[in-house]
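What follows is a set of notes on a single structure, which appears directly below.
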Amino acid sequence: MRLRPLAVLFLLCLLSAPSRSAEQRVVVAPEVSGAWVTPDDAWDGRTVLMLHGFADDMDGAGDLSKRMAERLAKIGIASLRINFRGEGDRLRSNIESTLQTRVADTEAAYAFLQKQRGVNAGRSAVLGWSLGASTALVVGGQHPGWFRSMVLWSAPSGEQFGQMTANPVAQKALREGVATDVIPGWKSITTKREYYESFRGVDLDQSLAKYPGAFLTIRGSRDFLPQRDAQLLRIAPGKRKEAALIGDADHVFNVFEPGNEAPLRVLDLTADWLARSL
């Protein structure tokens, strides 16, 4: 059988195209959706659970979390990134989540992963960005045997309720039950009293002290959160722990600045760490 020139060209394109990871949209739990990404090539069961930041979604600011999932798949590591209920939509302005719902959604996502064919429960990691890092710390402290490795991007630390309620918007929500903050260049965000109350009594340093696995924290030098990464390394009880500070990078690692190298640096550091620690 003779193939037409266009057919031959199409087949050559298929053969020469780089291998891509397989991303599958999944339902993790009621109101909790996600993206399950597995490597096309050999996979030994290593898996990363990815947790997004406040009022964002599973792809992350500038799609950096999605890019991270693709990078991991290229080095043989699967990942699940989820949308937290009441929050996981970057266009959403009305926030209905609490720390407790985030923790429950993370627990449901972990249970989902353990049911997937090929997952090696002993080689699981968690990656959290900002409020996702807070969530990862709390879950890691409550379930110290779940994760072999933990990566935090722009992580909060220490006592949370006082830090989170120090601004006028939070104080109004505590007084009146609800408050809206207009963030220039982003969107309006409405939060409720329940959201802030859910952090009462939460100390992330105490959670980290209960997590025994490998630990990496990455932060930009212009992050608005306190740079306590050296203290976090002293608190983390595991033997493998590192901190990376990316110069002149902000809380979202300058993802919206075309040509900035900070996002690529985050991807490189994270991929290298997970390849070594899982």
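Its DSSP H runs of at least 4 residues, each contributing -39,500 (n - 2.57), put the calculated 222 nm mean residue ellipticity of the chain at -10500 deg cm²/dmol, to the nearest 500.
Between Lys187 and Glu107, what FRET efficiency follows from the Cβ-Cβ distance if R0 is 22 Å, with the result rounded to 0.05? Result of the calculation: an efficiency of 0.15. Take every Cα pair under 8 Å whose residues are at least 6 apart in sequence, average their separation, divide by the length of the stretch 161-200, and the relative contact order is 39 percent. Each residue, Glu159 and Glu261, gets one label point 7 Å from its Cα in the Cβ direction; the gap between the two is 4.2 nm. Kindly flag which residue pairs out of Lys66/Lys172; Lys66/Lys192; Lys115/Lys241; Lys74/Lys187; Lys115/Lys210 have an alpha-carbon separation exceeding 31 Å in this structure. The answer is Lys66/Lys172; Lys74/Lys187. Working from Cα pairs under 8 Å separated by at least six residues, relative contact order for the chain is 16 percent. Most fluctuating residue of Arg234, Arg219, Arg67 in a GNM of the chain with Cα springs under 10 Å: which is it? Greatest mean-square fluctuation among the candidates belongs to Arg234. Were the residues from Glu176 through Ile75 laid out at 0.36 nm apart, the gain over their Cα-Cα distance would be 31.4 nm.
For the options Pro184, Pro144, Pro237, a Gaussian network treatment of the chain with springs between C-alpha atoms closer than 10 Å singles out Pro184 as fluctuating the most.
Each peptide among 200-206, 171-177 gets the average number of other Cβ atoms lying within 10 Å of its residues, and from highest to lowest they stand as 200-206, 171-177.
So, R0 is 25 Å and r is the distance between the beta-carbons of Asp40 and Asp63; what FRET efficiency does that work out to, to 0.05?
Between Asp40 and Asp63 the formula returns 0.80.
Approximating the spin labels as points 7 Å out from Cα along Cα→Cβ, the Glu197-to-Asn94 distance works out to 1.9 nm.
The numbers here are math on the coordinates, done by the rules we state, and not lab data. Only a predicted model underlies this, so the values are computations on that prediction, with no experimental measurement involved. No Cβ is skipped: glycine too gets one built from the backbone with ideal geometry, and neighbour counts run over all protein chains shown.
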